[in-house]
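All remarks here apply to the structure that follows.
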Amino acid sequence: NLTHFSYEEMNLYYKAIRNLTKIIKNEENEYWYELKPDEVIIFDNFRLLHGRSSFKGNRVLVTTYLSYDYWMSKAEVLFEKYLD
């Protein structure tokens with residue numbers, strides 16, 4: 001609900017939304033990768049805006065969500081184990 005914004009704040013809000021939309025839709029900010037069978041992709045939802053294009057055929061899409069703290073804790077343990 002944006003009714004608490006003043007007229008000036010609302011104008012700034014919509015200007016910011018328009019600028020964000022330009023950044024998101026700028027093709028220079030896109031990276032496309034076609035996953036091959038049995039490939040897995042993991043990305044950080046806190047830092048990455050992502051999507052999928054259309055797909056014909058069979059696909060199994062499995063998602064999981066890990067808290068940021070859990071992920072960082074496991075990553076630190078694995079890095080210490082395999083980088084030493």
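Brief remarks on what is shown
- Nearest-10 value in Å² for the accessible area of residue 24, using the 1.4 Å probe: 80
- In degrees, nearest ten, helix 68-83 long axis to first principal axis of the chain (Cα): 40
- Looking at the chain, the trypsin sites (Lys or Arg not before Pro) that sit in a DSSP loop and have at most 14 other Cβ atoms within 10 Å of their own Cβ are 47, 52, 56, 59.
- The C-alpha atoms of the chain define a longest principal axis, and helix 7-25 lies at about 40 degrees to it.
- Rolling a 1.4 Å probe over the protein heavy atoms gives the chain an accessible area of 108 Å² per residue.
- Global geometry of the chain, whether rounded, prolate or oblate, following the gyration tensor of its Cα atoms and the 1.5 cut on a/c: oblate
- Computed FRET value (nearest 0.05) for residue 25 with residue 76, which takes r as the C-beta separation and R₀ as 35 Å: 0.45
- Mean ellipticity per residue at 222 nm, deg cm²/dmol - from DSSP H runs of n ≥ 4 across the chain, formula -39500 (n - 2.57): -14000 deg cm²/dmol
- Accessible surface of the chain [probe 1.4 Å, protein heavy atoms]: carbon and sulfur percent: 56
The values are calculated or read from the model by the stated rules, or taken from the named source; none is laboratory data. Worth saying up front: this structure is predicted, and the values here are computed from it rather than measured. Here Cβ is always computed from backbone atoms with ideal geometry, including for glycine, and neighbour counts include all displayed protein chains. These area figures cover heavy atoms from the full protein model, side chains too; ligands, DNA and RNA do not enter into them. Shrake-Rupley method; radii C 1.70, N 1.55, O 1.52, S 1.80 Å.
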